[in-house]
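Structure record follows, encoded as structure tokens.
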Amino acid sequence: MLMTARLALREMRDDDLDDLAGLLGDAAVMRYYPRPKTRAETLQWIRVNQARYRADGHGLWAMHLRDGGAFAGDCGLTIQRVDGVDELELGYHVPPGLQGAGLATEAAIACREHARTALGAARVIAIIHPDNLASQRVALKTGLELEKRTYGYGPGEQEVLIYAAAL
Ligand SMILES: CC(C)(COP(=O)(O)OP(=O)(O)OC[C@H]1O[C@@H](n2cnc3c(N)ncnc32)[C@H](O)[C@@H]1OP(=O)(O)O)[C@@H](O)C(=O)NCCC(=O)NCCS
């Protein structure tokens with residue numbers, strides 16, 4: 001469990017399916033992904049993250065507002081292979097109704113610090129669609145800088161930006 005001023009982050013559970021399916025099934029939230037996830041794909045996604053907790057000790061975590069407990073999206077650390085190297089990636093998704101309040105940045109900073117202190121990581125990255133300006137702002141506010149462009153990550157040989165920070 002990770003705590004910030006406004007957020008509690010914890011491992012995803014099967015009973016998060018309604019909240020996560022609403023988030024990851026939202027066309028606006030998934031605008032920079034190939035398509036929104038179906039409910040079945042979201043359950044699979046929960047299972048992928050649960051396998052990451054067991055294998056790696058981390059993954060994407062579900063987040064809730066500490067005040068009132070509303071579902072506030074996900075944020076966390078996953079291992080992604082970029083240009084032949086395993087990297088620790090910061091990821092984040094916030095429901096449309098809660099965007100613009102600094103929550104993704106607050107969560108991402110907590111995850112960056114967890115990577116540095118608890119995991120002993122030397123570096124974190126974010127893999128971001130070039131048109132996803134909100135995500136790039138979050139990366140910058142979290143202390144990451146644009147490092148390079150690369151291709152072939154994910155479906156369709158999509159060009160992506162790699163933001164990175166040394167820890
Ligand atoms: C990216 C995302 C998580 C940001 O969540 P958030 O809680 O609103 O983030 P924050 O409030 O911490 O910061 C957002 C920043 O982006 C800026 N922003 C938002 N929309 C923007 C846009 N269309 N163009 C430029 N900047 C934008 C905000 O102004 C803010 O920057 P500021 O503090 O300098 O004003 C949220 O937009 C989201 O869930 N998007 C869909 C999922 C996604 O793309 N995830 C990242 C995958 S790499």
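The values are calculated or read from the model by the stated rules, or taken from the named source; none is laboratory data. This one's a predicted model, so the numbers in the text were calculated from it and none came from an experiment. Every residue, glycine among them, receives a Cβ derived from its backbone with ideal geometry; neighbour counts consider all protein chains shown. We work out accessible area using only protein heavy atoms, side chains counted, and drop any ligands, DNA or RNA first. Shrake-Rupley method; radii C 1.70, N 1.55, O 1.52, S 1.80 Å.
For the pair residue 148 and residue 32 in one chain, pulling the backbone fully straight at 0.36 nm per residue adds 39.9 nm over the alpha carbon distance.
Residue 3 sits with roughly 110 Å² accessible to a 1.4 Å probe, with DNA, RNA and ligands left out of the calculation.
Note that the range 82-95 has calculated 3J(HN,Hα) couplings of 10, 6, x, 10, 6, 10, 9, 9, 8, x, 7, 9, 10, x Hz, one per residue in order, obtained from phi through the Karplus relation 6.51 cos²θ - 1.76 cosθ + 1.60 (θ = phi - 60°); glycine and proline are x. Over all other residues within a Cβ to Cβ distance under 9 Å of residue 20, the charged ones net out to -3, with Lys and Arg as +1 and Asp and Glu as -1. Would you please classify the overall shape of the chain from the alpha carbon gyration tensor, given that a ≥ b ≥ c denote the square roots of the eigenvalues, rounded means a/c under 1.5, and beyond that prolate means a/b larger than b/c while oblate covers the rest? The shape class here is rounded.
Our estimate of slack between residue 118 and residue 14, defined as 0.36 nm per intervening residue step minus the Cα-Cα distance, is 34.9 nm. Annotation: residue 10 carries an accessible surface of approximately 40 Å², with a 1.4 Å probe and no ligand, DNA or RNA atoms counted.
Over the chain, accessible surface divided per residue gives 50 Å², non-protein components excluded, 1.4 Å probe. Contact order for the chain, expressed relative to its length and based on alpha carbon pairs under 8 Å spaced 6+ residues apart, stands at 18 percent. For the range 1-40, a/c is not less than 1.5, where a ≥ b ≥ c are the root eigenvalues of the C-alpha gyration tensor, and a/b does not top b/c. That puts it in the oblate class.
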